[in-house]
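See below for the structure under consideration.
The values are calculated or read from the model by the stated rules, or taken from the named source; none is laboratory data. The structure presented is a predicted model; accordingly, all values stated were derived computationally and were not measured. Here the Cβ positions follow ideal geometry from the backbone for every residue, glycine too, while neighbour counts run over all protein chains shown. Ligands, DNA and RNA are excluded from the accessible area calculation, which covers all protein heavy atoms including side chains. Shrake-Rupley method; radii C 1.70, N 1.55, O 1.52, S 1.80 Å.
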Amino acid sequence: MILVLLGPPGSGKGTQAKKLSALRGWPQLSTGDMFRSAISKGTEVGLKAKFFIDQGALVPDEVVIKLIEERIQEADCSRGFILDGFPRNVLQAESLDAMLSRLGRRLDCAVLFEISDQALVERLSGRRTCEKCNSMYHVAHSKPHQDGICDQCQGKLIQRTDDYPEVIEKRLVVYHHQTEPLVGFYRQQNKLASLDARLSPAAVAAALGENLS
Ligand code: AMP
């Protein structure tokens, strides 16, 4: 199963990708997590990416495409994988199709997470992320057992700089202009499914499972 999770920032793609990955054993390929890890290690890719991420802009296509092309050829991707945050524009989607076809593989399904901008702003501005394992929490709806500490790995919970209000606004504009056209792209390929991302994480997980069965 090769799956794309499509939807605006904060729509729950990362949470669901983690759940599905644990359930089915397909790795979660989150380009955002890959960049954050590269930034914390101070690699060349990380240095390049940070400039764009801090502004809420997309990292240049060639950087992200190379990252994904290398990653999907690793052994753990042989049974399938979940793309979370890639592709984010039509050029990336076309590159994905081309790289999969070179490898004799194809995308099975793109699942759209549908939610309003208003709900996203509320979610993203209250979101806290574990700096170690990227688990997500919310200051009002999904608190950790111990304030500021991740339940999973005891890492420190931080507010991502791109979850600051002014950057959230920019990311939503980028989503509507650059990523939303992928809805039509995958509909045309007959690969689009969608779900109501306002529901609870458990209900969204159930809807996602139904789309895959
Ligand atoms: P995310 O965690 O998926 O919201 O990604 C955080 C940030 O990483 C985005 O706002 C972009 O700056 C960058 N990023 C992640 N995935 C991509 C991608 N496929 N193309 C370009 N930039 C990306």
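A few remarks follow.
- 3J(HN,Hα) from dihedral phi, the range 118-135, Karplus parametrisation 6.51/-1.76/1.60, rounded to Hz, x for glycine, proline: 4, 5, 5, 4, 5, 5, 5, 6, x, 6, 10, 10, 6, 6, 9, 10, 6, 4
- Working note: Karplus 6.51/-1.76/1.60 with θ = phi - 60° gives the range 191-201 the couplings 10, 8, 10, 9, 9, 8, 7, 7, 5, 5, x Hz, where Gly and Pro are set to x.
- In a reduced charge model with +1 at each Lys and Arg Cβ and -1 at each Asp and Glu Cβ, the range 54-117 shows a dipole moment near 320 debye about its Cα centre.
- Beta-bridge orientation, the range 55-213: approximately 60 percent antiparallel, per DSSP, counting only bridges with both partners inside.
- About the Cα centre, charge dipole magnitude for the range 114-192 (Lys/Arg +1, Asp/Glu -1 at Cβ), debye: 240
- Farthest towards the positive end of the charge dipole of the chain, among the residues Pro87, Phe113, Ser21, is the Cα of Ser21, using unit charges on the Cβ of Lys, Arg, Asp and Glu.
- For the range 1-106, with all protein chains in place and a probe radius of 1.4 Å, 55% of the accessible heavy-atom surface sits on carbon or sulfur.
- Taking the Cα centre of the chain as reference, the dipole from Cβ charges on Lys and Arg (+1) and Asp and Glu (-1) amounts to some 380 debye.
- Pairs from Lys19/Lys170; Lys48/Lys170; Lys19/Lys66 whose Cα-Cα separation, in the structure shown, is over 22 Å: Lys19/Lys170; Lys19/Lys66
- Over the chain: helical MRE at 222 nm, DSSP H runs n ≥ 4 each giving -39500 (n - 2.57), nearest 500: -13500 deg cm²/dmol
- Accessible area expressed per residue, the range 64-213, with surrounding protein chains retained (probe 1.4 Å, Å²): 54
- Each principal axis of the range 1-93 carries a Cα extent, and these read 35, 28, 27 Å when sorted largest first.
- D_trans [Stokes-Einstein, Kirkwood Rh over alpha-carbon pairs] for the range 44-85, 4 °C, 1.567 mPa s, µm² s⁻¹: 112
- Relative contact order computed over the chain (Cα-Cα under 8 Å; 6+ residues apart), in percent: 29
- Its Cα gyration tensor gives the chain an equivalent ellipsoid; the semi-axes, largest first and in whole Å, are 25, 20, 18.
- A full extension of the chain between Thr15 and Glu169 corresponds to an added length of 53.3 nm, given 0.36 nm per residue minus the alpha carbon distance.
- Distances between placed amide hydrogens fall under 5 Å for Arg128 paired with Tyr137, His138, Val139, all partners being 5 or more residues away or on another chain.
- Computed lengthening from Lys143 to Ile158, 0.36 nm per intervening residue step minus Cα-Cα distance: 4.1 nm
- Placed amide H near Val4: partners under 5 Å, 5+ positions off or other chain: Leu83, Cys109, Ala110, Val111
- In sequence order, the range 5-17 has phi-based couplings of 9, 10, x, x, x, x, 7, x, 4, x, 4, 6, 4 Hz under the Karplus curve 6.51 cos²θ - 1.76 cosθ + 1.60, θ = phi - 60°, and Gly or Pro positions carry x.
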